[in-house]
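> Structure in structure tokens, see below.
Just so it is clear, none of the values below were taken in a lab; they were calculated from the coordinates. All values derive from a computational prediction rather than experimental measurement. Cβ atoms come from the backbone with ideal geometry, glycine included; neighbour counts cover every protein chain shown.
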Amino acid sequence: MIGFVESQWKNVVDYLPDSVLLSDDSVPDLVAKFVSESDKHAELPDLFHWGQTIELPKKILAEMHPGGFLKKDPFVTELEKMVKNKVAYNLSSNAGSKPQSVADVKQWISEQKRILERTTGGKYPFKMTIKDFPRSRTGLLHLTTAKNVLYLADSAMNVSRALAAAFPRLEKFDLNKTIPALVYISNSLKPGRIFGDPFTGQLSAFANIFGKDIRGVDTRMKVAYYPHQVHAQLLDETGAFRTNKGITLMRELLDFAVFHGGVVVEMKTGKIV
């Protein structure tokens, strides 16, 4: 497995911390002993420590720049500013978009609005329109916001400030944490789609790889952003969390989820900001 990572990581990301240790012959044995608990005193090397931006190699830091947009978004705009200001970083310049038909986008927008109004009685504004989605060269509509779906921020406090700048109603929302944070973005629009694969698998991978150390200890606050999904999909008629695979994983992995319009849900308690 370590050999596979060593041979493939450059095709996936621009930077992998401690990559030199992958060629150390002693590392696989140490990892195996730790995972199998055959040696509870095994000393693990500090593999894959995703540190602060300033810790990046000088060459990577110098070449890092905001990735840009396919579809503009207020919160992602602030995240891109954080990359520009060297207080957050992303891992790859690889990006893609899968544009959708106008008919599908219209239908999904209508369904999202109906879910929100039915569940919350119009308490939360719905501002999404078909005009928000730019056309591709083939006439289909882009759902993708930023060209990166993961941001590693040096401070969770900066993430809350970015949210407040994007959504002024969150001015008093303060994560009040100096610990680092990760922000994962899912651009999906189809209702319920975020609760299935590949999005649950992507979230699980990112939260564990970038939000924990090799020993499984949390190292970052974990935030997910769903700009085209309404938070009401999490709830039943009583306002309690619904139960499905995706929601269970989100509650286990995330500290906060941010939905359309800047509605923030504290995933451990269900509190809505």
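> If packing is taken as the average count of other Cβ atoms within 10 Å, what order do 70-80, 46-56 fall into, highest mean first?
The packing order, highest mean first, is 70-80, 46-56.
> If packing is taken as the average count of other Cβ atoms within 10 Å, what order do 258-271, 151-164, 221-234 fall into, highest mean first?
221-234, 151-164, 258-271
> Sorted from largest to smallest, which semi-axis lengths in Å does the alpha carbon gyration tensor of the chain give for its equivalent ellipsoid, taking the root of 5 times each eigenvalue?
Three semi-axes, in Å: 34, 22, 19.
> Separate question: Using +1 on the beta carbon of Lys and Arg, -1 on that of Asp and Glu, and nothing else charged, what's the dipole of the chain about the Cα centre, debye to 20?
It comes to approximately 1540 debye.
> Based on the alpha-carbon gyration tensor of region 156-267 and its eigenvalue square roots a ≥ b ≥ c, which shape applies: rounded if a/c is under 1.5, prolate if not and a/b is larger than b/c, or oblate?
Oblate, because a/c is 1.5 or more while a/b does not exceed b/c.
> If amide hydrogens are placed 1.01 Å from N in the peptide plane, which non-local residues have theirs closer than 5 Å to the one on Phe69?
none
> Sort 16-25, 102-111 by packing, meaning the average of other beta carbons within 10 Å per residue, with the highest value first.
For the peptides 16-25, 102-111, the packing ranking is 102-111, 16-25.
> Suppose the chain between Asp29 and Asp236 were pulled fully straight at 0.36 nm per residue; how much longer would it get relative to their current alpha carbon spacing?
So the extension gain works out to 69.7 nm.
> Can you tell me how region 175-218 classifies by the Cα gyration tensor, rounded, prolate or oblate, using a/c under 1.5 as the rounded cut?
oblate
> Turning to a different aspect of this structure: How far apart, in nanometres, would the label points at His49 and Val273 be if each is projected 7 angstrom from Cα along the Cα-to-Cβ direction?
For the pair His49/Val273, the computed spacing is 3.0 nm.
> Under the classification rounded if a/c is under 1.5, otherwise prolate if a/b is larger than b/c and oblate if not, where does region 48-101 fall, given a ≥ b ≥ c as square roots of the Cα gyration tensor eigenvalues?
Prolate, because a/c is 1.5 or more and a/b exceeds b/c.
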